[in-house]
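Visitor: Okay, handing you the structure first.
Each reported figure results from applying straightforward, stated rules to the coordinates on display, with no laboratory input. Quick caveat, the model's predicted, so the values are computed rather than measured. Cβ placement follows ideal geometry from the backbone for every residue including glycine, while neighbour counts extend to all protein chains displayed.
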Amino acid sequence: MSTKQVLFLCTGNSCRSQMAEGLVNYFMGDQWEAYSAGTQPAGYVHPLAVQVMAEFDIDISRNRSKSVDEFRYIGPDLVITVCDDAAEDCPVWLGQGQKVHLSFPDPAKASGSEAERLAVFRQVRDDIRRRVLDYLTASQVPASSEAA
């Protein structure tokens, strides 16, 4: 069985898509190879995203915020947008691959004390872990080499 590729898209590629990439590569790396990108890359990975992922022994501290343009020609098997539709515009993927939208609130917009903001990041991380991993586990998306 070949590994399938999934690309997570959002606007800034600093929180949600970075966490999704890390979670999938850590928990499902034998089945899925995950990448992430944004339409308007923030230029950094949010420090609180790095912190809450480290709680699962997942190191995303060396990741970088990437433009969707870097992935136009990789031909992923699946593209998942992770923006919160009600609050922001999700990127449109015009390349190959099945497209799915799973909405998550942007933890970077959380306010309050650091402890309160961390709680929001943890909640979003845990929601991404549950919903994305469940979706990928149940997915019948063929690997692009199988689809040809």
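Visitor: How long are the three semi-axes of the equivalent ellipsoid of the chain, in whole Å, if each is the root of 5 times an eigenvalue of the C-alpha gyration tensor, listed from largest down?
Guide: On the way: eigenvalues 119, 53, 36 Å².
Semi-axes, largest first: 24, 16, 13 Å.
Visitor: Next question, about the same structure. With runs of 4+ DSSP H residues as the only contributors, calculate the mean residue ellipticity of the chain at 222 nm using -39,500 (n - 2.57) per run, divided by the residue total and rounded to the nearest 500. Before the final figure, lay out each step's value.
Guide: Numbers: 4 runs with 50 residues, N = 148.
Taking each H run of at least 4 residues, the total per residue is -10500 deg cm²/dmol.
Visitor: Next question. Step through the residues of segment 110-115 one at a time and calculate ³J(HN,Hα) from phi using the Karplus curve (6.51 cos²θ - 1.76 cosθ + 1.60, θ = phi - 60°), rounding each to whole Hz and writing x for Gly and Pro.
Guide: 5, 10, x, 5, 4, 4
Visitor: Once the piece of chain linking Asp69 and Asp30 is laid out straight, how much longer is it, given 0.36 nm per residue of separation minus the C-alpha distance between them?
Guide: On the way: separation 39, 0.36 × 39 = 14.04 nm, distance 2.62 nm.
Value of the extension gain: 11.4 nm.
Visitor: Between Glu116 and Ser61, what is the label-to-label distance in nm when each label sits 7 Å out along the Cα-to-Cβ direction?
Guide: 2.8 nm
Visitor: Now for a separate question. So, by mean Cβ neighbours within 10 angstrom, what's the order for 53-66, 34-47, 109-122 with the highest one leading? Could the numbers behind the result be given before it?
Guide: Values: 53-66: 14.9, 34-47: 19.4, 109-122: 13.4.
Those peptides, ordered most packed to least, come out 34-47, 53-66, 109-122.
Visitor: Still on this model: What distance in nm lies between label points placed 7 Å from Cα along the C-beta direction at Asp84 and Arg130?
Guide: 1.7 nm
Visitor: Applying the Karplus parametrisation 6.51 cos²θ - 1.76 cosθ + 1.60 with θ = phi - 60° to the phi angles of segment 62-76, what ³J(HN,Hα) value in whole Hz is obtained for each residue in order, glycine and proline being reported as x?
Guide: 3J(HN,Hα) across segment 62-76, in whole Hz: 9, 5, 10, 6, 10, 7, 4, 4, 5, 10, 4, 10, 7, x, x.
Visitor: Starting from the Cα-Cα distance between Ala54 and Gln140, subtract it from 0.36 nm times their residue separation and give me the gain in nm to one decimal. Please list the in-between numbers first.
Guide: Working: separation 86, 0.36 × 86 = 30.96 nm, distance 3.04 nm.
Taking Ala54 through Gln140 to full extension adds about 27.9 nm, to one decimal.
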